[in-house]
Each structure stands twice: as C-alpha cells, then as structure tokens.
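Read-outs throughout are calculated quantities, based only on the coordinates presented, and are distinct from any laboratory measurement. Since the structure is predicted, the reported quantities are computational estimates derived from the model, not experimental observations. With ideal geometry, Cβ positions are generated from the backbone for all residues, glycine too; neighbour counts draw on all protein chains shown.
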Amino acid sequence: MPTTPVSLRPALARRAAVVAGSAAAAALFATVPAAPTAIPATPPASPTVTVSSPVVPLAARSATVRFDPQAVAATAPAAVRTSAMHKALGKVGASYRYGASGPNAFDCSGLVSWAFKSSGKSLPRTSRAMSHVGTPVSKSALQPGDLVFFYGGPSHVGIYIGNGKIVHASNPQHPVKTANLSTMPFHSARRV
C-alpha cells in the first residue's frame with residue numbers, strides 16, 4: 001500500500017471534505033489539477049516521514065451519490081417558466097404591433113412565444129393554440145410563469161407574474177405592460 005507523506009495530510013483532508021460535501025464538487029475535483037504544495041522554509045525533522053495507512057479514506061469510494069431524475073425534470077420546467085416571465089418583464093415598454101413576435105415589438109401571443117423560446121421552450125404562435133399546451137391550472141392555483149388566457153376563444157394571453165398580475169402585450173394603444181388579472185375576463189390558464 002502506498003504511503004502518504006505527512007506534509008500532504010492537510011491537503012488530502014481538505015480535498016476529501018470538499019468531495020464528500022457534494023456531487024458537484026466531486027465532478028469538479030476530477031477536472032481540477034492538484035494545487036502545488038508549499039515548500040516549508042525549514043526542512044522537516046525527518047525528510048522521509050511516512051504513514052502506514054491512509055489518513056482519510058477517499059470520499060469517491062465511500063460516498064453515495066444519488067441522482068433523482070424526477071427532481072431534475074420537475075425543476076427544469078419551473079426554471080423555464082421563471083426565465084420566460086423575466087424575459088417578458090424585460091420587454092415592458094416595447095411596442096405593440098399585431099403579428100409581431102419580437103424582439104422590439106409584440107402582439108400578445110408573440111410576446112409569450114418569444115419569451116418562452118428565448119428560455120428554451122417552443123410554444124405555438126397563437127393564443128388559441130397555446131391554450132391547449134401544458135396542463136390546466138385553476139385561477140386560484142396560478143404560479144409565476146403560468147400562461148393566462150382571456151376573452152372567448154381565448155383571444156388574448158399573458159404570463160402570470162404573481163400577486164394577481166400578468167405581463168402582456170395588450171393593444172396598439174399601449175406598449176407591453178403589467179396589469180391586474182381582474183382587468184380582463186379570465187378564460188383559462190395553463191402550466192407548460
């Protein structure tokens with residue numbers, strides 16, 4: 001069995017603690033070269049001090065890393081919804097133009113489809129087609145990033161931003177803006 005010089009014990013202990021702390025650190029550790037060891041100002045009393053057994057067992061051998069694909073899959077859509085909401089909010093003040101889908105002018109479904117596409121999720125182009133994707137959500141269960149539809153058809157869509165408000169491209173008289181849900185007749189909502 002190889003022996004570990006005393007001068008390397010602290011470095012090995014630090015590495016083992018980092019690796020055992022998280023799976024991400026373990027992945028990073030595999031790609032980062034070892035830090036150089038400082039040369040002491042005075043040589044150690046015995047230049048050939050050895051240890052007969054490892055000071056710290058390698059964490060990669062003893063740590064159990066668990067990967068939960070369902071947790072990752074559940075988190076990814078939420079991250080996309082949050083990103084799309086922020087991208088749409090970043091367009092507050094942009095011009096409304098019927099049929100426009102950004103990046104400088106939008107109609108309602110153009111804003112929503114642009115925001116989601118910019119966040120990695122493609123949606124249909126029209127509010128009516130969007131009202132069939134994802135899963136239905138009740139008005140009382142809305143979460144930021146959900147699609148909210150208004151009027152018959154539905155003929156208008158916005159992105160819920162929380163606190164009873166949406167961001168949407170409303171009409172030619174107004175730029176992209178935030179508004180209360182209660183200002184338009186609610187039709188339905190979907191979570192994508």
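Across segment 122-141, what is the total count of residues that are under 24 Å from the mean Cα position of the chain (by Cα) and in a helix (DSSP H, G or I)?
2
Output the qualifying pairs, or none if there are none: Cβ atoms under 8 angstrom, residues six or more apart or on different chains, first residue in segment 169-192 and surrounded by fewer than 16 Cβ atoms within 10 Å (Cβ to Cβ), second residue part of a helix (DSSP H, G or I) and among the charged types (D, E, K, R).
Phe186/Lys139
Could you tell me whether Pro144 is in contact (Cβ under 8 Å) with a residue 40 or more places away in the chain, part of a strand (DSSP E or B) and surrounded by 14 or more Cβ atoms within 10 Å (Cβ to Cβ)?
No: the conditions fail for Pro144.
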